[in-house]
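Quick notes on the structure that follows.
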Amino acid sequence: MATEVPLIEFIDIYKIYVVGDTEVHALDGISMKIYKGEFVAIVGQSGSGKSTCMNIIGCLDVPTKGKYYLRGTDVSAMKDDEQAEIRNKELGFIFQQYNLIPKINVQQNVELPLMYAGLPEKEQEKRALASLEKVGLLSKAKNMPQQLSGGQQQRVSIARALAGDPSIILADEPTGALDSKTGKDVLAFLKKLHSLGNTIVLITHDNTIAAQAERVIRIQDGRITYDGEPDITKFASVAHAGDYVEDTE
């Protein structure tokens, strides 16, 4: 892995917001590498900087200083339209609240990013149905989102993320809106996707969820305080007392 080009590389990344006369360092000099095929959890409590980190990885925001390389290409200073193209081609997003459009059916929801990417309608349909089959929801393709359970809706969002064959699947608190059993099912599915070769970056505030990944990166006050194996007794020990069960965002 040492000679392999990282899929994601942050080099001394800062994100600084000016609030009145005060500078707020959401990210304060973060450097990290994530390689193709890894399952990494980025964990931290509310305000730690983990969501800012996700937004930069997902080309939803740009750093104030530093470099972000994706597949060896510097995307940190790209224009908005260039970053939009990267999002469409390289990234699949899974959100806590599913972000499904209620007025269109399941298949059409999965097709949306493919439409934005400019794929022909036949190819959109082919990929959407194949993706729904992967998550076990092919029979629900014509259903409306509100006809599905929370767990099924989250699987639709996973299908949508997979449809574009992304380099990276970014999962932002994917179990946050689910009961514990359904949340475990979704985590099990993410593990399955990883076993098939997908690169997963999971954003969470909950160390017990982060521990399901192969590798854990803890962020606190905009800095990395732990990067290593998912041993909760090790990476939780650097957090504030009481921070590692389940804090509320």
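The values are calculated or read from the model by the stated rules, or taken from the named source; none is laboratory data. Here the structure is a predicted model, which means the values were calculated and not measured. Using ideal geometry, Cβ is built from the backbone for each residue, glycine included, and neighbour counts are taken over all protein chains shown. Ligands, DNA and RNA are stripped out before the accessible areas are found, and what is left, the full protein with its side chains, is counted by its heavy atoms. Shrake-Rupley method; radii C 1.70, N 1.55, O 1.52, S 1.80 Å.
Listed values, structure above:
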item: Filter result for the condition that a residue is crowded, with 20+ Cβ neighbours inside 10 Å and either in contact (Cβ under 8 Å) with a residue 60 or more places away in the chain or within 27 Å of Gly151 (Cβ to Cβ) (or both), over Lys89, Lys126, Lys50, Lys36; result: Lys50
item: Unique match (being out of contact with any Phe, Trp or Tyr (no Cβ under 8 Å at 6 or more places or on another chain), at pLDDT below 95 and surrounded by 17 or more Cβ atoms within 10 Å (Cβ to Cβ)) among Ala213, Ala239, Ala188; result: Ala239
item: Residues located in segment 15-33, provided they are open to solvent by 50 Å² or more (accessible area, probe 1.4 Å) and more than 26 Å from Gly228 (Cβ to Cβ); result: Tyr17, Val18, Val19, Gly20, Asp21, Thr22, Glu23, Val24
item: All positions within segment 53-75 that are surrounded by 15 or more Cβ atoms within 10 Å (Cβ to Cβ) and without any contact (Cβ under 8 Å) to a residue 24 or more places away in the chain; result: Asn55, Val62, Val75
item: Tally of residues being within 30 Å of Glu4 (Cα to Cα) and either within 16 Å of the chain's Cα centre (by Cα) or among the aromatic types (Phe, Trp, Tyr) (or both) across segment 85-114; result: 11
item: Extreme residue, farthest from Ala84 (Cα to Cα), among residues of segment 97-122 that are hydrophobic (A, V, I, L, M, F, W, C) and surrounded by 18 or more Cβ atoms within 10 Å (Cβ to Cβ); result: Val106
item: Residue count, segment 167-185 (criterion: modelled with pLDDT under 90 and of a type outside the set (D, E, K, R)); result: 9
item: Enumeration of residues in segment 38-62 that are at pLDDT 95 or above and in a loop (DSSP other than H, G, I, E, B); result: Glu38
item: Residue in segment 176-185 that is surrounded by fewer than 17 Cβ atoms within 10 Å (Cβ to Cβ) and closer than 17 Å to Lys89 by Cα present; result: no
item: Any hit, segment 145-163, residues being without any contact (Cβ under 8 Å) to a residue 12 or more places away in the chain and out of contact with any His (no Cβ under 9 Å at 6 or more places or on another chain); result: yes
